[in-house]
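Below is one structure, written out as structure tokens; comments come after it.
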Amino acid sequence: MEVPKDQIATLLEHGLYNSAQMLGCFLVSSPAANAESAPHLKTESLVILGDSFFREREYRRAIHTYKQALQYYKMIPKQNMTSSRSLLSSNRSSSPNSCNGSVINENEVKFRIASSHCFLNENKAALVEMEGIPSKARNLAMNLLLGKLYRVSKHSRAAVSIYKECIRHCPYILEAITALAELGSTAKDIISLFPQTPNRSGRAPFDHTDSSRWLQRYVEAQCCMASNDYKGGLDLFADLLQRFPNNTHLLLEMAKVEAIIGKNEEAIMNFEKARSIDPYIVTYMDEYAMLLKLKSDYPKLNKLVHDLLNVDPARPEVFVALSVLWERKDDKKSLQYAEQSIRIDERHIPGYIMKGNLLLTMKRAEAAVSAFRAAQELRPDIRSYQGLVHTYLALSKIKEALHASREAMKAMPQLAKALKLVGDAHASTSGGREKAKKFYESALRLEPGYLGAALALAELHVIDGRNGDAISLLERYLKDWADDSLHVKLAQVFAATNRLQEALSHYQAALRLNTQNEAAKRGLERLEKQMKGMDPDAPEEDEDNDVEDADGDQDETELL
């Protein structure tokens, strides 16, 4: 042949994909690879060219070229096809073509087409290709991709079946373990899939001795997380971290959950530790960006976004981090970045959470509901419930807010944030304030250091005219918390009781902790008017949105 195929294979092996592309063009146009006289050579040449496009991430060209190859493959005479099929094996190299004969692995080519569709976020087309591969011909990588596609397509039972097959073949596929946990499998179910005896392929049995005990603990941790037992999951991850110190995967998993449940300082510490070990991590860095925004640590946030853009500007986490950075400057641009993260990966939950919060801020509450619902469908956590409840309250849909908050409480009965959420829904009505008080107090019994519940309870005390109770409650938290929102709330109560000097002191303390605190800035302006003897604003009347909900009351009583 005029252009030797093995030379292109060598170029591909050495990562010289652009050179392989150029030489591949000579290969497919060679008279020797004539489609009519030598369809097998034409087929193989196109697969090699497709490989060069695939490796260079030119996925549209790869799909087009691979499909051409499969068309020519159909033209190969039947006797050649029979011999070709007899040579196909699941143990072939990662390249779907073979350079030592007129054979291609048709199923590997279909897998590459499906993978290309996935990279282009064309999951339906990818699923069609994968379902065209016979189950007996699928290798581990193929099954893993098929499981992901079934999950994306909401074919949960099919996804579970495929992921289980992956675990039976190799128990160390951690992404399959996580997927099964999130799809509802128990730790016992997953561990039972681990191979017990050698099979026909000679695969060794799974070692259940202490040396492999860590994998079972990992399964248990992921199942805890999937069932919203965050404390149990964090304890298990902490145990694993003692055995595998400085394990970036464990640090990131812990930090992500700590961020979700509001252990912000612990989360930041673990994110920073992971970054100190591996400064090029992108995974979960959007969660870290959100925490830095909450702390108003804009220098660190700026540096983080700059670093992420230098590592991989095409990842969805980077666009969420950009959205976080732009939130205080330009809502519309921030929203565009959040939406771009979802376009890159339609299963990226932080993108939906960010989008929902932005839409709520922009007073586009109906659209915000859709964003939070999308996050919930992927994997409900307390943030999507919080978003839904606060959005329904903004729409004055009190019944819907109560329903969503009770859902959260049933799903996460040991989470103080979930109890507070029911309190927030009740507190929106004058008739529900006593119930709200009970839920805030329950949240504080469950988690005494939960500042959010303390602030909410203090607000109820103020509304009911119990300013002294509000002050004593908040001052108890001053001993352990250097928090700007705590100082703002104290300043507001002192201002309401005409203790203006103390109010001034707390507003100033809040601004020392966070120069960007808008509530402190507005409060200070209002206080200055009070100090000058001016009425800062007319009192606002509370809207009375009492809602009868007897059925829900019984559920709440049982849970409390």
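The values are calculated or read from the model by the stated rules, or taken from the named source; none is laboratory data. If you're wondering where the values come from, they're calculated on a predicted model, not measured in any experiment. Quick reminder, even Gly has a Cβ in these numbers, built from the backbone with ideal geometry, and neighbours come from all protein chains shown. Remember, those area values only see protein heavy atoms, side chains included, never the ligands or the DNA or RNA. Shrake-Rupley method; radii C 1.70, N 1.55, O 1.52, S 1.80 Å.
Computed values, structure above
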quantity	calculated
Subset of the stretch 387-427 [open to solvent by 40 Å² or more (accessible area, probe 1.4 Å) and either under 22 Å from Glu258 (Cα atoms) or outside any helix (DSSP H, G or I) (or both)]	His390, Leu395, Ser396, Lys397, Glu407, Lys410, Pro413, Gln414
Filter result for Ser341 (in contact with an Asp or Glu (Cβ under 6 Å, 6 or more places away or on another chain) and more than 26 Å from Leu234 (Cα to Cα))	no
Search result, residues across the stretch 203-225 that are at pLDDT below 90 and either assigned to a loop (DSSP other than H, G, I, E, B) or of a type in the set (Gly, Ala, Ser) (or both)	Arg203, Ala204, Pro205, Phe206, Asp207, His208, Thr209, Ser211, Ser212
Residue match in the stretch 145-156 (condition: modelled with pLDDT of 95 or more, in contact with a Leu (Cβ under 7 Å, 6 or more places away or on another chain) and open to solvent by 20 Å² or more (accessible area, probe 1.4 Å))	no
So Gly431, is it within 14 Å of Ile261 (Cα to Cα), assigned to a helix (DSSP H, G or I) and open to solvent by 10 Å² or more (accessible area, probe 1.4 Å)	no
Selection status of Lys363, at pLDDT 95 or above and open to solvent by 40 Å² or more (accessible area, probe 1.4 Å)	no
Among residues of the stretch 312-333, those that are closer than 29 Å to Glu400 by Cβ, open to solvent by less than 10 Å² (accessible area, probe 1.4 Å) and either of a type in the set (A, V, I, L, M, F, W, C) or modelled with pLDDT under 95 (or both), counted	2
Residue within the stretch 119-135 that is of a type in the set (Gly, Ala, Ser), under 15 Å from Ala179 (Cβ atoms) and surrounded by 21 or more Cβ atoms within 10 Å (Cβ to Cβ) present	no
The one condition in (1) surrounded by fewer than 24 Cβ atoms within 10 Å (Cβ to Cβ); (2) at pLDDT 85 or above; (3) among the charged types (D, E, K, R) that Glu525 fails to fulfil	(2)
Any hit, the stretch 186-202, residues being under 30 Å from Arg61 (Cα atoms), part of a helix (DSSP H, G or I) and at pLDDT 90 or above	no
Any hit, the stretch 464-475, residues being within 26 Å of Lys293 (Cβ to Cβ) and either in contact (Cβ under 8 Å) with a residue 40 or more places away in the chain or not small (Gly, Ala, Ser) (or both)	yes
Residues being over 19 Å from the mean Cα position of the chain (by Cα), open to solvent by less than 30 Å² (accessible area, probe 1.4 Å) and not β-branched (Val, Ile, Thr) - total across the stretch 160-181	3
Pairs, first on the phi > 0 side of the Ramachandran plot in the stretch 243-258, second in a helix (DSSP H, G or I) and not polar (S, T, N, Q), C-beta under 7 Å, six or more apart	Asn246/Ile277
Number of positions in the stretch 139-155 that are under 14 Å from Glu108 (Cα atoms) and in contact (Cβ under 8 Å) with a residue 40 or more places away in the chain	1
Sole residue being under 33 Å from the mean Cα position of the chain (by Cα), over 27 Å from Gln414 (Cβ atoms) and open to solvent by less than 30 Å² (accessible area, probe 1.4 Å), chosen from Ala470, Ala436, Ala495, Ala510	Ala510
Top-ranked residue in the stretch 38-79 [being open to solvent by 50 Å² or more (accessible area, probe 1.4 Å) and of a type in the set (S, T, N, Q); ranked as nearest to Asn123 (Cα to Cα)]	Gln68
Residue within the stretch 444-452 that is surrounded by fewer than 18 Cβ atoms within 10 Å (Cβ to Cβ) and more than 34 Å from the chain's Cα centre (by Cα) present	no
Some residue of the stretch 122-131 being among the β-branched types (Val, Ile, Thr) and over 30 Å from Glu220 (Cβ atoms)	yes
Selection from the stretch 48-64 of residues that are out of contact with any Asp or Glu (no Cβ under 9 Å at 6 or more places or on another chain) and within 18 Å of Leu23 (Cβ to Cβ)	Ile48, Leu49, Gly50, Asp51, Phe53, Phe54, Arg55, Glu56, Glu58, Arg61
Failed criterion for Pro313 (all others in (1) part of a loop (DSSP other than H, G, I, E, B); (2) over 18 Å from His348 (Cα atoms) hold)	(2)
Residue in the stretch 473-484 that is surrounded by fewer than 16 Cβ atoms within 10 Å (Cβ to Cβ), farther than 22 Å from Gln414 by Cβ, small (Gly, Ala, Ser) and modelled with pLDDT under 85 present	yes
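Residue-wise test of (1) under 25 Å from Lys329 (Cα atoms); (2) in contact with a Leu (Cβ under 9 Å, 6 or more places away or on another chain).
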site	(1), (2)
Thr361	yes, no
Ala368	yes, yes
Arg379	no, no
Gln386	yes, yes
Ala404	no, yes
Lys417	no, no
His426	no, yes
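Okay, residues lined up against (1) modelled with pLDDT of 60 or more; (2) not in a helix (DSSP H, G or I):
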residue	(1), (2)
Ala35	no, yes
Arg61	yes, no
His64	yes, no
Lys67	yes, no
Leu70	yes, no
Ser83	no, no
Arg92	no, yes
Asn107	yes, no
Ile113	yes, no
